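A.B. asks: Questions regarding the structure given below will be posed in turn.
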Amino acid sequence: MVYKSSLSNTQNLSITIYNDNFAVVKETREFLPQENETIVHYLDVAKKIETDSIIVSGVEVKELNYDFDLVDKFKLMEKYIDRTVFLQDLKTNEKTEYRLLSVSGGIVLENAATKEIVLDPSGEIILPKLPDELIVKPALVWKVAASNTKTINVSYLTKGMSWESNYVLNLKNDTFDLAGWIKIENNSGTAFHEAKLKVLAGDVNRVEEVADDDIEPVLYSRTRMEENFEEKSFADYHIYTLRGTTTLKDNQEKQIKFIEVENGVFKRYYEFDSYSDHPKVMLEIKNSVANHMGIPLPKGKIKVYQEDTDENNTEFIGEDRISHTAKDEKVSLYIGNAFDIVCESKILKRYKMKNYEYEKYEYILKNRKSENALIKINHYISERFWKIEESTDEFKEVDTNHIEFWADVSAGEEKTISFGITSDRSIYMEIKKSED
């Protein structure tokens with residue numbers, strides 16, 4: 001006996017999609033109690049299913065197969081070998097009963113009445129009802145023990161499903177509006193109807209199994225997330241859960257808004273170092289509740305627009321990608337190179353004395369804009385041991401090989417930053433081989 005389970009038997013369907021082009025599918029389907037050992041055709045599964053990931057509960061599965069070598073004309077004919085078929089005369093429409101003997105290298109029939117053998121007959125072969133074991137689309141095929149269960153639960157991994165976030169940032173005078181979207185692509189080979197949807201942000205190591213336990217969602221009170229999604233922390237990742245259900249058709253791309261921010265504040269500045277040809281145009285946004293944000297932002301692309309008040313419209317001014325950004329961290333965007341900010345770097349002086357080397361640097365900052373500009377200078381030091389001897393401006397030590405300067409340059413003005421560095425090359429390490 002063959003029992004067929006299809007989407008029509010589904011009581012509950014949920015999908016969790018990960019960043020790395022795979023998803024977990026979890027289904028609960030109604031099931032009729034079986035008094036004897038039964039072959040179950042579990043239909044409507046993803047064609048890109050990972051068969052070593054299948055988990056079944058509710059029935060005892062003694063044997064599990066995935067049949068994806070689907071039927072074509074000759075495979076279908078093979079299913080009827082040693083069975084009755086009919087040959088219809090195309091002129092008279094008369095049907096004659098035959099037994100199918102072979103389809104290898106040609107069709108061989110045996111006349112049911114005369115027992116005559118017919119090779120490659122002319123006419124139309126008509127096949128009776130499809131055999132129960134014939135599978136016309138990918139299916140899990142199980143041999144299950146007798147059971148009285150009324151539901152079965154199945155979960156599996158499938159490739160061919162992916163998601164990513166994308167953002168649209170609209171800059172106004174001193175504030176911004178931000179809309180975040182989750183884009184989902186389903187190329188798994190099947191459709192999922194009325195599914196509960198989750199997307200997981202984070203880099204999951206596929207060697208380890210990933211559980212998806214139910215955890216109470218934690219929402220940030222002053223952040224406006226779209227009513228479509230809830231966000232929660234899970235293990236070392238973040239899960240975004242769609243309220244309600246959605247349908248994902250095969251070979252479909254779907255976008256759902258998950259966050260909208262109004263009147264956030266941002267900082268625009270220009271970044272330059274001695275290796276740069278042009279200053280970079282940078283935007284910095286604090287992902288905080290005070291800035292009307294404050295939720296973990298999944299990685300994705302941000303397209304940036306700016307209002308043109310003269311024309312009463314917006315223009316595209318650049319784009320960048322962000323990595324996964326935690327609450328209260330900063331989002332830094334590089335959106336292009338400055339046209340009217342000119343920066344130059346020079347070495348004014350250099351000399352050596354014994355184990356010491358002295359270098360004096362100068363950065364010239366020119367603001368050709370009609371408004372003030374905030375400029376950040378990154379200076380990198382190749383030596384390990386160094387000291388700033390003198391400087392025209394305050395600086396910050398970022399790390400052992402990096403200092404930075406910040407300068408406000410008025411419209412139409414120039415500013416010069418100069419400083420001297422002494423490097424000490426007399427310090428060295430001697431490694432001696434230990435004597436046993």
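A.B. asks: How many angstrom lie between the Cα centre of the range 356-393 and the Cα centre of the range 231-248?
C.D. replies: 46 Å
A.B. asks: Return the single residue from Ala112, Ala326, Ala46 with maximal mean-square fluctuation; model: Gaussian network over the chain, springs between Cα atoms under 10 Å.
C.D. replies: In this elastic network of the chain, the residue with the biggest mean-square fluctuation among Ala112, Ala326, Ala46 is Ala112.
A.B. asks: Let me ask something else. Using the heavy atoms of the protein chains and a 1.4 angstrom probe, tell me the accessible area per residue for the chain in square angstrom.
C.D. replies: Spelled out: the 1.4 Å probe surface of the chain, per residue, equals 57 Å².
A.B. asks: Another question about this same structure. Using only the heavy atoms of the protein chains and a 1.4 Å probe, how would Glu231, Glu344, Glu414 rank by accessible area, largest first?
C.D. replies: Output order, biggest surface exposure first: Glu414, Glu344, Glu231.
A.B. asks: Any idea what the dipole of the range 35-180 comes to, in debye rounded to 20, about its Cα centre with Lys/Arg Cβ at +1 and Asp/Glu Cβ at -1?
C.D. replies: Roughly 140 debye, rounded to the nearest 20.
A.B. asks: Can I ask one more? Out of all Cα-Cα pairs in the range 238-383, roughly what percent, to the nearest whole number, are more than 23 Å apart?
C.D. replies: For the range 238-383, the share of Cα pairs beyond 23 Å comes to 56 percent.
A.B. asks: Give the aspartates and glutamates reachable from Lys354 as a straight Cα distance under 12 Å; neighbours fewer than 8 places away on the same chain don't count.
C.D. replies: Partners within reach: Asp424.
A.B. asks: May I ask you to give the average projected area over all directions of the convex hull of the Cα atoms of the range 46-200, in nm² rounded to one decimal?
C.D. replies: That works out to 17.7 nm².
A.B. asks: Now, a different point. Under a GNM of the chain (C-alpha, springs under 10 Å), which listed residue has the highest mean-square fluctuation: Val85, Val141, Val45?
C.D. replies: Maximum fluctuation in the GNM of the chain, among the listed residues, is at Val85.
A.B. asks: Turning to a different aspect of this structure: Given all pairs of different Cα atoms, what value in angstroms does the Kirkwood hydrodynamic radius of the range 224-266 take?
C.D. replies: 12.7 Å
A.B. asks: Per q in 0.06, 0.11, 0.12 1/Å, what log10 I(q)/I(0) does a Debye calculation on the alpha-carbon atoms of the chain return?
C.D. replies: Each listed q maps to, in turn, -0.51, -0.98, -1.07.
A.B. asks: Determine, for each peptide in 153-159, 367-373, 120-126, the mean count of other beta carbons within 10 angstrom over its residues, then list the peptides with the highest first.
C.D. replies: Highest to lowest by the protection proxy: 153-159, 367-373, 120-126.
A.B. asks: What dipole magnitude, in Debye to the nearest 20, does the chain give about its Cα centre under +1 on Lys/Arg Cβ and -1 on Asp/Glu Cβ?
C.D. replies: 280 debye
A.B. asks: Phe272: net charge of surrounding residues, Cβ under 10 Å, Lys/Arg +1, Asp/Glu -1, itself excluded?
C.D. replies: My count for the surroundings of Phe272 gives -2.
A.B. asks: Based solely on its DSSP helices, what 222 nm [θ] is calculated for the chain when runs of n ≥ 4 H residues each add -39,500 (n - 2.57) and the sum is averaged over all residues, nearest 500 deg cm²/dmol?
C.D. replies: -500 deg cm²/dmol
A.B. asks: Give me the percent of the accessible area of the chain that comes from carbon and sulfur atoms, probe 1.4 Å, all protein chains in place.
C.D. replies: Of all accessible area on the chain, carbon and sulfur atoms account for 45 percent.
A.B. asks: With r as the distance between the Cβ atoms of Glu315 and Tyr275 and R0 = 41 Å, compute the FRET efficiency 1/(1 + (r/R0)^6) and round to 0.05.
C.D. replies: 0.85
A.B. asks: For all pairs of alpha-carbon atoms in the range 20-84, what percent lies in each bin of width 10 Å, listed from the first bin to the last filled one?
C.D. replies: 12, 40, 30, 17, 1, 0
A.B. asks: Considering only Asn19, Asn93, Asn186, give the residue with the highest GNM mean-square fluctuation for the chain, with springs between Cα atoms whenever their separation is below 10 Å.
C.D. replies: Of Asn19, Asn93, Asn186, the Gaussian network model singles out Asn93 as fluctuating most.
A.B. asks: Further question on the same structure: Which whole-Hz couplings ³J(HN,Hα) result when phi for each residue of the range 10-18 is put into the Karplus expression 6.51 cos²θ - 1.76 cosθ + 1.60, θ = phi - 60°, listed in order with x for Gly and Pro?
C.D. replies: Karplus values, whole Hz, x for Gly and Pro: 6, 9, 8, 9, 9, 9, 10, 9, 10.
A.B. asks: Please work out how much length the chain gains when fully extended from Arg368 to Gln11, using 0.36 nm per residue of separation minus the C-alpha to C-alpha distance, in nm with one decimal.
C.D. replies: Full extension of this stretch gives 121.9 nm more.
A.B. asks: Additional query: On a 26 Å Cα-Cα criterion, which of the cross-link pairs Lys150/Lys257; Lys47/Lys75; Lys198/Lys299; Lys280/Lys369; Lys159/Lys330 come out too long?
C.D. replies: Beyond 26 Å: Lys150/Lys257; Lys159/Lys330.
The values are calculated or read from the model by the stated rules, or taken from the named source; none is laboratory data. As the structure is a computational prediction, the values presented were derived from the model and not from experiment. Cβ atoms come from the backbone with ideal geometry, glycine included; neighbour counts cover every protein chain shown. Surface areas here come from the heavy atoms of the whole protein model, side chains and all, with no ligands, DNA or RNA. Shrake-Rupley method; radii C 1.70, N 1.55, O 1.52, S 1.80 Å.
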